[in-house]
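Report on the following structure.
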Amino acid sequence: MAALYTSYNCLLQGSSKSTIWTKEENKEFERALAIYDEKTPDRWVKVAEMIPGKSQRDVINHYSQLLEDVSDIEAGLIPIPSYLTAPFTLEWVDSSSFDPFRKRSAPLTRPSEHERKKGVPWTEDEHRRFLL
């Protein structure tokens, strides 16, 4: 009886559609899909090889779930987030010292007039050709 339960449990685990994917695994999955398109022979084997710890079945199930999600979004079953009303902050800006009305200061070092490179003037013939 224990052997029967173990084999049935293995079948359930093998057919499980939901395994946990980390952010890094999802990035690798996206990268693999970009490399191996539908026409690639043994596509799912190659995709699984790029993601350590994931089997061919895992990547096929993950892709199927992705297709279902896209279909639901396109069908309007999943609401699109309202990004305009969400708070937006830039991590690199210190908002406590930010003053949008402050005048910008001049760059610290500015090349002198003497250091500037002067262009080579056009010849009269080149100028005429430009105007044509």
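Considering only the range 54-75, how many residues are without any contact (Cβ under 8 Å) to a residue 24 or more places away in the chain, of a type in the set (Gly, Ala, Ser) and closer than 19 Å to Thr22 by Cα? Walk me through how you get there before you give the answer.
Restricting attention to the range 54-75, the residues satisfying the condition of being without any contact (Cβ under 8 Å) to a residue 24 or more places away in the chain are 55-56, 60, 66-75.
Those left that are additionally of a type in the set (Gly, Ala, Ser): 55, 71, 75.
Next, only the ones that are closer than 19 Å to Thr22 by Cα stay: 55.
Adding up the residues that qualify gives 1.
Screening Glu38 against (1) modelled with pLDDT of 95 or more; (2) not in a helix (DSSP H, G or I) leaves a single unmet condition, (1).
Here is a yes/no grid of residues against (1) outside any helix (DSSP H, G or I); (2) within 21 Å of the chain's Cα centre (by Cα); (3) among the charged types (D, E, K, R); (4) at pLDDT below 90:
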| site | (1), (2), (3), (4) |
| --- | --- |
| Leu67 | no, yes, no, no |
| Leu84 | yes, yes, no, yes |
| Pro87 | yes, no, no, yes |
| Trp92 | yes, yes, no, yes |
| Arg110 | yes, no, yes, yes |
| Arg116 | yes, no, yes, yes |
| Val120 | yes, no, no, yes |
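Would you say Tyr63 is surrounded by 11 or more Cβ atoms within 10 Å (Cβ to Cβ) and either within 18 Å of Glu24 (Cβ to Cβ) or touching a Leu at 6+ places or on another chain (Cβ under 8 Å) (or both)? Yes.
The values are calculated or read from the model by the stated rules, or taken from the named source; none is laboratory data. Quantities reported herein were computed from a predicted structural model and do not represent experimental measurements. Every residue, glycine as well, gets a Cβ built from its backbone with ideal geometry; the counts of neighbours run over all protein chains shown.
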